[in-house]
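Asks: Following this message is one structure expressed as C-alpha coordinates.
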Amino acid sequence: MKNIFEAHESEYQVQPQIVVSTPGRFHLVGEHSWFCKDKTLSMAVNLPVFVAISRREDANLHFYFAQLNERKKNSLTALKYRKEDRWANAIKAMMYGFTSGGFELAGMNITVYSDILPSAGFGITSAIKAGSALAIRELFGFSACTDAQLLQVIERGNRLFLQQEYIAADAYTALFSKAGEVLFTDYATGRYDTLPLPFADKKILLVDAKVPRVSVWNEETLHQPEHVLLLGELKERKSTVYGGWQYEENPTDVNEVLAIVSEDTRRRLLCIMREHKSVLDAYKALETASFGKFARAVNKSYESMRDLYNSSCPEIDWILKRLSEIRPNLDDPRNPTACGRITGKGFGRCIYTFISDDDIPAFKAKLAEYERIFGFHTACYEVSPADGAHVVTR
(Lines give C-alpha, C1' and ligand atoms only; values in the text may rest on other atoms or scores of the structure.)
Protein backbone atom coordinates (compact mmCIF):
# COMPACT_ATOMS: atom_id res chain seq x y z
CA MET A 1 0.00 0.00 0.00
CA LYS A 2 2.84 2.40 0.75
CA ASN A 3 3.84 2.30 -2.92
CA ILE A 4 0.85 4.46 -3.91
CA PHE A 5 1.93 7.10 -1.42
CA GLU A 6 5.51 6.96 -2.64
CA ALA A 7 4.48 7.08 -6.29
CA HIS A 8 2.32 10.16 -5.76
CA GLU A 9 4.97 11.98 -3.75
CA SER A 10 7.67 11.15 -6.28
CA GLU A 11 5.54 12.39 -9.17
CA TYR A 12 4.15 15.58 -7.66
CA GLN A 13 6.47 16.33 -4.70
CA VAL A 14 3.45 16.51 -2.39
CA GLN A 15 1.76 13.92 -0.22
CA PRO A 16 -1.66 12.68 -1.34
CA GLN A 17 -4.52 14.11 0.68
CA ILE A 18 -6.83 11.19 -0.04
CA VAL A 19 -6.04 7.61 -1.06
CA VAL A 20 -8.82 5.19 -1.95
CA SER A 21 -8.53 1.43 -2.46
CA THR A 22 -11.11 -0.17 -4.76
CA PRO A 23 -11.33 -3.91 -5.47
CA GLY A 24 -11.15 -5.60 -8.82
CA ARG A 25 -14.23 -7.53 -9.82
CA PHE A 26 -15.63 -10.30 -11.95
CA HIS A 27 -19.19 -11.32 -12.73
CA LEU A 28 -20.06 -14.92 -11.99
CA VAL A 29 -23.36 -15.10 -13.88
CA GLY A 30 -25.74 -12.76 -15.67
CA GLU A 31 -23.51 -9.89 -16.81
CA HIS A 32 -25.05 -9.86 -20.31
CA SER A 33 -28.68 -9.55 -19.19
CA TRP A 34 -28.76 -6.09 -17.58
CA PHE A 35 -30.55 -4.57 -20.59
CA CYS A 36 -33.48 -6.91 -20.02
CA LYS A 37 -33.82 -5.85 -16.36
CA ASP A 38 -32.63 -9.23 -15.10
CA LYS A 39 -30.06 -10.02 -12.41
CA THR A 40 -26.30 -10.36 -12.06
CA LEU A 41 -24.17 -12.21 -9.52
CA SER A 42 -20.79 -10.50 -8.96
CA MET A 43 -17.75 -10.68 -6.71
CA ALA A 44 -15.30 -7.97 -5.69
CA VAL A 45 -11.82 -9.45 -5.30
CA ASN A 46 -8.54 -8.59 -3.62
CA LEU A 47 -6.89 -7.16 -6.73
CA PRO A 48 -6.95 -3.55 -5.55
CA VAL A 49 -6.72 -0.36 -7.55
CA PHE A 50 -5.40 2.64 -5.61
CA VAL A 51 -6.27 6.22 -6.50
CA ALA A 52 -4.40 9.04 -4.77
CA ILE A 53 -5.41 12.70 -5.09
CA SER A 54 -4.05 16.04 -3.92
CA ARG A 55 -5.36 19.50 -4.68
CA ARG A 56 -3.61 22.04 -6.89
CA GLU A 57 -3.72 25.82 -6.68
CA ASP A 58 -4.86 26.12 -10.30
CA ALA A 59 -7.55 24.47 -12.43
CA ASN A 60 -5.19 22.03 -14.11
CA LEU A 61 -5.53 18.26 -13.91
CA HIS A 62 -2.47 16.01 -13.91
CA PHE A 63 -2.87 12.24 -14.21
CA TYR A 64 -0.22 9.59 -13.59
CA PHE A 65 -0.51 5.79 -13.91
CA ALA A 66 2.47 4.38 -12.04
CA GLN A 67 2.75 0.93 -13.62
CA LEU A 68 2.32 2.27 -17.14
CA ASN A 69 4.59 5.25 -16.42
CA GLU A 70 2.08 7.33 -18.37
CA ARG A 71 1.13 10.94 -17.76
CA LYS A 72 -1.85 12.89 -19.04
CA LYS A 73 -2.94 16.51 -18.61
CA ASN A 74 -6.21 18.38 -18.90
CA SER A 75 -7.99 21.25 -17.20
CA LEU A 76 -11.38 21.68 -15.58
CA THR A 77 -12.16 24.58 -17.91
CA ALA A 78 -11.69 22.37 -21.00
CA LEU A 79 -12.52 18.90 -19.76
CA LYS A 80 -12.57 16.75 -22.88
CA TYR A 81 -12.66 13.11 -23.87
CA ARG A 82 -9.55 12.18 -25.81
CA LYS A 83 -9.17 8.73 -27.29
CA GLU A 84 -5.45 8.72 -26.59
CA ASP A 85 -6.04 9.39 -22.88
CA ARG A 86 -7.52 5.89 -22.41
CA TRP A 87 -7.48 5.18 -18.64
CA ALA A 88 -7.47 8.90 -17.75
CA ASN A 89 -10.82 9.29 -19.50
CA ALA A 90 -12.38 7.16 -16.77
CA ILE A 91 -11.27 9.69 -14.13
CA LYS A 92 -12.27 12.69 -16.25
CA ALA A 93 -15.70 11.12 -16.63
CA MET A 94 -16.13 11.09 -12.87
CA MET A 95 -15.09 14.74 -12.68
CA TYR A 96 -17.69 15.53 -15.31
CA GLY A 97 -20.20 13.53 -13.28
CA PHE A 98 -19.62 15.91 -10.38
CA THR A 99 -19.55 19.20 -12.30
CA SER A 100 -22.63 18.31 -14.36
CA GLY A 101 -24.43 17.71 -11.07
CA GLY A 102 -23.64 21.16 -9.71
CA PHE A 103 -20.55 20.33 -7.63
CA GLU A 104 -17.56 22.67 -7.91
CA LEU A 105 -14.10 21.18 -8.31
CA ALA A 106 -10.58 22.58 -8.36
CA GLY A 107 -7.32 21.43 -9.94
CA MET A 108 -5.98 18.04 -8.89
CA ASN A 109 -3.00 15.72 -9.08
CA ILE A 110 -4.16 12.13 -9.50
CA THR A 111 -2.15 8.93 -9.30
CA VAL A 112 -3.44 5.47 -10.24
CA TYR A 113 -1.62 2.43 -8.91
CA SER A 114 -2.66 -1.08 -9.97
CA ASP A 115 -0.64 -4.24 -10.50
CA ILE A 116 -3.41 -5.43 -12.86
CA LEU A 117 -3.76 -3.24 -15.93
CA PRO A 118 -7.17 -2.22 -17.33
CA SER A 119 -6.57 -4.26 -20.49
CA ALA A 120 -6.73 -7.48 -18.46
CA GLY A 121 -10.35 -6.99 -17.48
CA PHE A 122 -11.25 -8.01 -13.91
CA GLY A 123 -13.19 -4.76 -13.42
CA ILE A 124 -10.09 -2.56 -13.22
CA THR A 125 -11.59 0.31 -15.23
CA SER A 126 -14.73 0.20 -13.09
CA ALA A 127 -12.51 0.32 -10.01
CA ILE A 128 -10.72 3.40 -11.34
CA LYS A 129 -14.07 5.12 -11.86
CA ALA A 130 -15.54 4.23 -8.47
CA GLY A 131 -12.27 4.89 -6.62
CA SER A 132 -11.73 8.30 -8.20
CA ALA A 133 -15.37 9.29 -7.60
CA LEU A 134 -15.10 8.39 -3.92
CA ALA A 135 -11.70 10.09 -3.61
CA ILE A 136 -13.03 13.32 -5.15
CA ARG A 137 -16.04 13.30 -2.82
CA GLU A 138 -13.77 12.91 0.19
CA LEU A 139 -11.15 15.38 -1.02
CA PHE A 140 -13.65 18.21 -1.46
CA GLY A 141 -15.79 17.28 1.53
CA PHE A 142 -19.02 16.90 -0.41
CA SER A 143 -21.05 15.92 2.63
CA ALA A 144 -24.28 16.45 0.68
CA CYS A 145 -23.20 13.82 -1.85
CA THR A 146 -24.82 10.66 -0.50
CA ASP A 147 -24.02 7.19 -1.78
CA ALA A 148 -27.11 7.42 -4.01
CA GLN A 149 -25.83 10.68 -5.46
CA LEU A 150 -22.37 9.18 -5.90
CA LEU A 151 -23.96 6.49 -8.06
CA GLN A 152 -25.60 9.26 -10.09
CA VAL A 153 -22.17 10.86 -10.54
CA ILE A 154 -20.83 7.59 -11.93
CA GLU A 155 -23.87 7.18 -14.16
CA ARG A 156 -23.62 10.70 -15.59
CA GLY A 157 -19.93 10.23 -16.23
CA ASN A 158 -20.56 7.01 -18.12
CA ARG A 159 -23.55 8.13 -20.14
CA LEU A 160 -22.76 11.77 -20.84
CA PHE A 161 -18.96 11.93 -20.95
CA LEU A 162 -17.90 8.47 -22.12
CA GLN A 163 -21.09 7.80 -24.11
CA GLN A 164 -21.23 4.35 -22.52
CA GLU A 165 -23.99 2.43 -20.83
CA TYR A 166 -24.11 2.56 -17.06
CA ILE A 167 -23.98 -0.97 -15.63
CA ALA A 168 -25.28 -0.81 -12.07
CA ALA A 169 -23.64 -4.11 -11.05
CA ASP A 170 -20.21 -2.68 -11.87
CA ALA A 171 -20.71 0.32 -9.59
CA TYR A 172 -22.47 -1.58 -6.79
CA THR A 173 -19.74 -4.21 -6.66
CA ALA A 174 -16.93 -1.65 -6.65
CA LEU A 175 -18.51 0.46 -3.89
CA PHE A 176 -20.61 -1.76 -1.65
CA SER A 177 -19.12 -5.26 -1.59
CA LYS A 178 -18.14 -6.96 1.66
CA ALA A 179 -15.23 -9.30 2.30
CA GLY A 180 -16.36 -12.93 2.23
CA GLU A 181 -19.57 -12.13 0.35
CA VAL A 182 -20.94 -11.97 -3.17
CA LEU A 183 -23.24 -9.29 -4.52
CA PHE A 184 -26.53 -9.65 -6.42
CA THR A 185 -27.87 -6.84 -8.56
CA ASP A 186 -31.57 -6.77 -9.45
CA TYR A 187 -31.94 -4.40 -12.39
CA ALA A 188 -35.74 -4.49 -12.19
CA THR A 189 -35.68 -2.78 -8.79
CA GLY A 190 -32.30 -1.04 -9.01
CA ARG A 191 -31.25 -2.68 -5.76
CA TYR A 192 -28.45 -4.95 -4.65
CA ASP A 193 -28.13 -7.64 -2.00
CA THR A 194 -25.15 -9.43 -0.49
CA LEU A 195 -24.82 -13.03 0.59
CA PRO A 196 -21.95 -14.89 2.30
CA LEU A 197 -19.82 -17.18 0.16
CA PRO A 198 -19.95 -20.46 2.10
CA PHE A 199 -17.43 -22.59 0.20
CA ALA A 200 -14.37 -22.29 2.45
CA ASP A 201 -12.90 -25.51 1.05
CA LYS A 202 -12.69 -24.07 -2.47
CA LYS A 203 -10.15 -21.70 -3.97
CA ILE A 204 -11.09 -19.08 -6.56
CA LEU A 205 -8.75 -18.61 -9.50
CA LEU A 206 -8.97 -15.90 -12.14
CA VAL A 207 -7.19 -16.74 -15.37
CA ASP A 208 -6.36 -14.34 -18.16
CA ALA A 209 -6.06 -16.72 -21.10
CA LYS A 210 -4.43 -13.93 -23.17
CA VAL A 211 -6.51 -14.82 -26.23
CA PRO A 212 -6.74 -11.79 -28.57
CA ARG A 213 -10.17 -10.23 -28.20
CA VAL A 214 -12.08 -10.47 -31.45
CA SER A 215 -15.80 -9.69 -31.44
CA VAL A 216 -17.65 -12.14 -33.66
CA TRP A 217 -20.89 -10.17 -33.38
CA ASN A 218 -22.02 -6.81 -32.00
CA GLU A 219 -23.70 -7.35 -28.64
CA GLU A 220 -25.47 -4.01 -28.88
CA THR A 221 -27.65 -5.39 -31.67
CA LEU A 222 -29.40 -7.41 -28.97
CA HIS A 223 -30.12 -4.29 -26.89
CA GLN A 224 -33.36 -3.39 -28.62
CA PRO A 225 -36.64 -2.43 -26.88
CA GLU A 226 -38.57 -4.97 -28.93
CA HIS A 227 -36.37 -7.76 -27.55
CA VAL A 228 -37.03 -6.60 -24.00
CA LEU A 229 -40.77 -6.63 -24.73
CA LEU A 230 -40.57 -10.17 -26.07
CA LEU A 231 -38.81 -11.41 -22.96
CA GLY A 232 -41.32 -9.47 -20.87
CA GLU A 233 -44.07 -11.64 -22.33
CA LEU A 234 -42.23 -14.69 -21.02
CA LYS A 235 -41.83 -13.48 -17.45
CA GLU A 236 -44.07 -15.04 -14.83
CA ARG A 237 -44.47 -14.13 -11.19
CA LYS A 238 -43.21 -16.65 -8.68
CA SER A 239 -42.95 -15.59 -5.05
CA THR A 240 -40.68 -18.47 -4.05
CA VAL A 241 -37.68 -17.29 -6.11
CA TYR A 242 -35.30 -14.40 -5.50
CA GLY A 243 -36.79 -11.26 -7.06
CA GLY A 244 -40.30 -12.67 -7.34
CA TRP A 245 -40.34 -13.84 -10.96
CA GLN A 246 -38.82 -16.26 -13.42
CA TYR A 247 -38.98 -16.94 -17.15
CA GLU A 248 -41.48 -19.30 -18.71
CA GLU A 249 -39.94 -22.77 -19.17
CA ASN A 250 -42.53 -24.38 -21.48
CA PRO A 251 -40.70 -24.80 -24.83
CA THR A 252 -43.90 -24.42 -26.85
CA ASP A 253 -44.75 -21.07 -25.26
CA VAL A 254 -41.17 -19.85 -25.54
CA ASN A 255 -40.83 -20.77 -29.21
CA GLU A 256 -44.19 -19.19 -30.03
CA VAL A 257 -43.13 -15.83 -28.56
CA LEU A 258 -39.63 -15.86 -30.07
CA ALA A 259 -40.73 -17.09 -33.49
CA ILE A 260 -40.72 -13.55 -34.93
CA VAL A 261 -36.97 -12.98 -34.53
CA SER A 262 -34.05 -14.43 -36.46
CA GLU A 263 -32.50 -17.71 -35.37
CA ASP A 264 -29.35 -16.02 -34.06
CA THR A 265 -31.39 -13.57 -32.01
CA ARG A 266 -33.65 -16.33 -30.73
CA ARG A 267 -30.67 -18.31 -29.48
CA ARG A 268 -29.22 -15.31 -27.69
CA LEU A 269 -32.52 -14.40 -26.07
CA LEU A 270 -32.82 -18.01 -24.94
CA CYS A 271 -29.38 -17.62 -23.39
CA ILE A 272 -30.56 -14.55 -21.49
CA MET A 273 -33.49 -16.56 -20.14
CA ARG A 274 -31.25 -19.42 -19.08
CA GLU A 275 -28.82 -16.98 -17.49
CA HIS A 276 -31.60 -15.72 -15.25
CA LYS A 277 -32.31 -19.26 -14.10
CA SER A 278 -28.60 -19.81 -13.47
CA VAL A 279 -28.52 -16.69 -11.29
CA LEU A 280 -31.53 -17.93 -9.30
CA ASP A 281 -30.01 -21.41 -8.95
CA ALA A 282 -26.67 -19.98 -7.83
CA TYR A 283 -28.41 -17.73 -5.30
CA LYS A 284 -30.30 -20.69 -3.83
CA ALA A 285 -27.11 -22.75 -3.73
CA LEU A 286 -25.35 -20.02 -1.77
CA GLU A 287 -28.24 -19.81 0.68
CA THR A 288 -28.13 -23.56 1.27
CA ALA A 289 -24.31 -23.86 1.07
CA SER A 290 -24.65 -26.45 -1.70
CA PHE A 291 -21.50 -26.35 -3.81
CA GLY A 292 -22.80 -29.04 -6.16
CA LYS A 293 -25.85 -26.96 -7.06
CA PHE A 294 -23.72 -23.81 -7.37
CA ALA A 295 -21.25 -25.59 -9.65
CA ARG A 296 -24.08 -26.89 -11.85
CA ALA A 297 -25.47 -23.37 -12.21
CA VAL A 298 -22.06 -21.97 -13.18
CA ASN A 299 -21.29 -24.78 -15.62
CA LYS A 300 -24.74 -24.53 -17.24
CA SER A 301 -24.26 -20.80 -17.60
CA TYR A 302 -20.96 -21.37 -19.36
CA GLU A 303 -22.55 -23.91 -21.72
CA SER A 304 -25.24 -21.39 -22.64
CA MET A 305 -22.70 -18.64 -23.18
CA ARG A 306 -20.69 -20.97 -25.40
CA ASP A 307 -23.48 -22.63 -27.39
CA LEU A 308 -26.16 -19.91 -27.58
CA TYR A 309 -24.51 -16.53 -26.98
CA ASN A 310 -21.34 -17.26 -28.97
CA SER A 311 -19.06 -15.49 -26.49
CA SER A 312 -16.42 -18.17 -25.97
CA CYS A 313 -13.56 -19.44 -28.13
CA PRO A 314 -11.73 -22.77 -28.64
CA GLU A 315 -8.86 -21.81 -26.33
CA ILE A 316 -11.13 -21.04 -23.38
CA ASP A 317 -13.26 -24.10 -24.14
CA TRP A 318 -10.08 -26.19 -23.96
CA ILE A 319 -9.16 -24.88 -20.50
CA LEU A 320 -12.61 -25.41 -19.03
CA LYS A 321 -12.87 -28.88 -20.53
CA ARG A 322 -9.57 -29.83 -18.83
CA LEU A 323 -10.82 -28.35 -15.56
CA SER A 324 -13.81 -30.71 -15.60
CA GLU A 325 -11.50 -33.68 -16.15
CA ILE A 326 -9.22 -33.08 -13.16
CA ARG A 327 -11.42 -34.66 -10.49
CA PRO A 328 -14.75 -35.80 -11.94
CA ASN A 329 -17.37 -36.95 -9.45
CA LEU A 330 -18.03 -40.36 -10.94
CA ASP A 331 -20.30 -41.40 -8.07
CA ASP A 332 -22.57 -38.38 -8.49
CA PRO A 333 -22.05 -36.51 -11.78
CA ARG A 334 -24.76 -34.02 -10.80
CA ASN A 335 -22.49 -32.68 -8.07
CA PRO A 336 -19.24 -31.59 -9.73
CA THR A 337 -16.21 -30.90 -7.56
CA ALA A 338 -15.17 -27.82 -9.57
CA CYS A 339 -16.73 -25.26 -11.87
CA GLY A 340 -15.63 -22.51 -14.21
CA ARG A 341 -16.88 -20.02 -16.75
CA ILE A 342 -15.80 -17.31 -19.12
CA THR A 343 -16.43 -13.92 -17.52
CA GLY A 344 -16.86 -10.37 -18.77
CA LYS A 345 -19.49 -8.22 -20.43
CA GLY A 346 -17.82 -8.40 -23.82
CA PHE A 347 -16.17 -11.29 -25.61
CA GLY A 348 -13.23 -11.44 -23.29
CA ARG A 349 -10.44 -13.82 -22.58
CA CYS A 350 -10.86 -14.30 -18.83
CA ILE A 351 -12.00 -17.33 -16.87
CA TYR A 352 -12.85 -17.93 -13.25
CA THR A 353 -12.79 -21.28 -11.48
CA PHE A 354 -13.82 -22.67 -8.10
CA ILE A 355 -11.51 -25.56 -7.34
CA SER A 356 -10.20 -27.59 -4.40
CA ASP A 357 -6.79 -26.61 -3.09
CA ASP A 358 -5.42 -30.09 -3.80
CA ASP A 359 -6.39 -29.78 -7.47
CA ILE A 360 -4.67 -26.46 -8.14
CA PRO A 361 -1.31 -28.04 -9.16
CA ALA A 362 -3.10 -30.23 -11.70
CA PHE A 363 -4.99 -27.25 -13.07
CA LYS A 364 -1.83 -25.17 -13.39
CA ALA A 365 -0.21 -28.09 -15.20
CA LYS A 366 -3.08 -27.92 -17.68
CA LEU A 367 -2.45 -24.19 -18.10
CA ALA A 368 1.19 -24.97 -18.88
CA GLU A 369 0.01 -27.49 -21.47
CA TYR A 370 -2.35 -24.86 -22.87
CA GLU A 371 0.59 -22.50 -23.32
CA ARG A 372 2.54 -25.14 -25.23
CA ILE A 373 -0.41 -25.94 -27.51
CA PHE A 374 -1.82 -22.47 -28.20
CA GLY A 375 1.18 -20.24 -27.55
CA PHE A 376 -0.60 -17.84 -25.17
CA HIS A 377 1.03 -17.30 -21.77
CA THR A 378 -1.68 -17.17 -19.13
CA ALA A 379 -1.81 -15.08 -15.97
CA CYS A 380 -3.41 -16.84 -12.99
CA TYR A 381 -4.50 -15.13 -9.75
CA GLU A 382 -5.84 -16.71 -6.58
CA VAL A 383 -8.45 -14.30 -5.22
CA SER A 384 -11.01 -13.94 -2.45
CA PRO A 385 -14.09 -11.71 -1.93
CA ALA A 386 -13.04 -8.22 -0.84
CA ASP A 387 -14.49 -5.04 0.65
CA GLY A 388 -15.70 -2.28 -1.62
CA ALA A 389 -14.01 1.09 -2.11
CA HIS A 390 -12.69 2.72 1.05
CA VAL A 391 -10.23 5.40 2.16
CA VAL A 392 -6.86 4.09 3.35
CA THR A 393 -4.13 5.70 5.41
CA ARG A 394 -0.40 5.23 5.38
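Asks: Using a simple spin-label model with points 7 Å from Cα along the Cα→Cβ vector, what separation in nm is obtained for VAL214 and GLN15?
Replies: About 5.3 nm, to one decimal.
Asks: I've got another one for you. Label points 7 Å out from Cα along the Cβ direction at PHE376 and LEU68: separation in nm?
Replies: Roughly 2.2 nm, to one decimal.
Asks: In whole Å, how far is the Cα centre of segment 317-394 from that of segment 211-261?
Replies: 28
Asks: Would you mind checking which residues have amide H under 5 Å from ASN329's amide H? H placed 1.01 Å from N; only 5 or more apart, or other chain.
Replies: Excluding prolines and chain starts, which carry no amide H, the hits are THR337.
Asks: Hey, another quick one. Quick one: which of LYS129/LYS238; LYS39/LYS321; LYS72/LYS129 span more than 25 angstrom between C-alpha atoms?
Replies: LYS129/LYS238; LYS39/LYS321
Asks: Further question on the same structure: About the Cα centre of segment 96-156, how large is the charge dipole given +1 on each Lys and Arg Cβ and -1 on each Asp and Glu Cβ? Please answer in debye to the nearest 20.
Replies: Its charge dipole is roughly 80 debye.
Asks: A further question on this structure: Only Lys, Arg, Asp and Glu count, each charged at its Cβ (+1, +1, -1, -1), so figure out the dipole size of the chain about its Cα centre, rounded to 20 debye.
Replies: That gives the chain a dipole magnitude of about 560 debye.
Asks: What whole-number value in Å² describes the accessible area per residue of the chain for a 1.4 Å probe?
Replies: The answer is 44 Å² per residue.
Asks: Name the residue, out of THR189, THR40, THR337, whose mean-square fluctuation peaks in a Gaussian network model built on the chain with Cα pairs under 10 Å.
Replies: THR189
Asks: How far apart, in nm, are two points set 7 Å out from the Cα along the Cα-to-Cβ line at ASP58 and at ASN3?
Replies: 3.1
Asks: Rounding to the nearest 20 debye, state how big the charge dipole of segment 280-385 is about its Cα centre with +1 on each Lys and Arg Cβ and -1 on each Asp and Glu Cβ.
Replies: Computed about the Cα centre, the dipole is about 280 debye.
Asks: Given the options VAL49, VAL257, VAL20, which has the most mean-square fluctuation in a GNM of the chain, springs set between C-alpha atoms less than 10 angstrom apart?
Replies: Highest fluctuation of the listed residues: VAL257.
Asks: Now for a separate question. Could you tell me which GluC sites (Glu not before Pro) in segment 174-263 are loop residues by DSSP with no more than 14 other beta carbons within 10 angstrom of their beta carbon?
Replies: In loop regions of segment 174-263 (DSSP not H, G, I, E or B), the sparsely surrounded GluC sites (Glu not before Pro) are GLU249.
Asks: Still on this structure, please answer the following. Using a 10 angstrom cutoff on alpha carbons, build the Gaussian network for the chain and name the most mobile of ASN250, ASN109, ASN60.
Replies: In the Gaussian network model the winner is ASN250.
Asks: Could you work out the helix-only [θ] at 222 nm for the chain, with each DSSP H run of four or more residues adding -39,500 (n - 2.57) and the total divided by the number of residues, to the nearest 500 deg cm²/dmol?
Replies: So the calculated ellipticity at 222 nm is -12000 deg cm²/dmol.
Asks: Grab the Cα-Cα distance for THR146 and THR221, subtract it from 0.36 nm times how many residues apart they are, and report the gain in nm with one decimal.
Replies: 23.5 nm
Asks: Multiply the residue gap between LEU229 and ASN329 by 0.36 nm, knock off their C-alpha separation, and tell me the result in nm, one decimal place.
Replies: Between LEU229 and ASN329, full extension yields 31.9 nm more.
Asks: Ok, one more. So which aspartates and glutamates pass the test for LYS178, namely a Cα distance under 20 Å, with those fewer than 8 places away in the same chain ruled out?
Replies: Filter leaves GLU31, ASP147, ASP170, ASP186, ASP193, ASP201, GLU287, GLU382, ASP387.
Asks: May I ask you to give the percent of accessible area on the chain that is carbon plus sulfur, with a probe radius of 1.4 Å?
Replies: Carbon-and-sulfur percentage of accessible area, whole number: 47.
Asks: If we count every other residue with Cβ under 14 angstrom of HIS390's Cβ, Lys/Arg +1 and Asp/Glu -1, where does the sum land?
Replies: -1
Asks: ASN46 to GLU256: FRET efficiency via 1/(1 + (r/R0)^6), r the Cβ-Cβ distance, R0 51 Å, to the nearest 0.05?
Replies: It comes out at approximately 0.60.
Asks: Within straight cross-link reach of LYS73, meaning Cα distance under 14 Å, which aspartates and glutamates are found once same-chain residues fewer than 8 apart are removed?
Replies: Once the sequence-local aspartates and glutamates are set aside, what remains near LYS73 is GLU11, ASP58, GLU84, ASP85.
The values are calculated or read from the model by the stated rules, or taken from the named source; none is laboratory data. Note that this is a predicted model, so its numbers are computed, not measured. Note: ideal-geometry Cβ built from the backbone for every residue, glycine included; neighbour counts use all protein chains shown. Just the protein is used for accessible areas: all its heavy atoms, side chains included, with ligands, DNA and RNA removed. Shrake-Rupley method; radii C 1.70, N 1.55, O 1.52, S 1.80 Å.
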